[in-house]
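Nothing in this text is a laboratory measurement; each read-out follows from the coordinates by a stated rule. Fair warning: this is a prediction, and the values are worked out from it, not measured in the lab. Every residue, glycine among them, receives a Cβ derived from its backbone with ideal geometry; neighbour counts consider all protein chains shown.
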């Protein structure tokens, strides 16, 4: 499904996507289009793209074609989703210990929409860290 999402093909485009958006959350999926985890995440992102278009915009970046951010954002996982608002990285406390990004594929679209809404509301209030509506720590069986 990644072919249905907007691809950013170089570092300048990624910077401009983050800088130019004033009132919506910028969601960037870093990874590879051929990776099975990214394919599942892209499917979810495509399903929710029209539902969240008023308060979020979704982009896809192939980390082998655009390696500029691999060290800066520690992009070592096969699939990574990050949130930005008004040129600021918004961290999400998911209960996993890593607040910078989501590094697994989410298959439930409504669950991901809830996270995006939480990020949007918190970022509009000036918060750099928001708490996810659901705890994804491993002590619970989801």
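A few remarks follow.
- Gain upon complete extension [residue 53, residue 73; 0.36 nm per residue less C-alpha separation]: 4.7 nm
- Estimated D of the range 41-114 in µm² per second, where Rh is the Kirkwood radius over Cα pairs and Stokes-Einstein applies at 4 °C, 1.567 mPa s: 97
- Both the radius of gyration and Dmax for the chain are 13.9, 41 Å, in that order, over alpha-carbon atoms.
- By the count of neighbouring beta-carbon atoms within 10 Å, fewest first, 22, 74 end up ordered 22, 74.
- The C-alpha radius of gyration of the range 1-84, expressed as a fraction of 2.2 N^0.38 Å, stands at 1.01.
- Placing dummy labels 7 Å off each Cα toward the beta-carbon, the span from residue 114 to residue 10 is 4.2 nm.
- Cβ-to-Cβ counts within 10 Å put 82, 4, 41, 91 in ascending order as 4, 91, 82, 41, the fewest first.
- Sequence-separation-based contact order of the chain, relative, with Cα cut under 8 Å and 6+ spacing, percent: 28
- Distance from the range 82-139 to the range 21-38 (C-alpha centre basis), Å: 13
- Note on residue 23 and residue 138: the model spin-label points, each 7 Å out from Cα along the C-beta direction, lie 4.3 nm apart.
- Approximate spin-label separation residue 43-residue 104, in nm, with each point projected 7 Å along Cα-to-Cβ: 1.7
- With 0.36 nm allotted per residue and the present C-alpha distance subtracted, the residue 125-residue 87 stretch has 12.2 nm of extension available.
- Note on the range 92-142: percent of Cα-Cα distances in each 10 Å bin, starting at 0 and stopping at the bin with the largest distance, equals 24, 58, 17, 1.
- Average Cα contact separation per residue, the range 75-142, under 8 Å, 6 or more apart, as relative contact order %: 37
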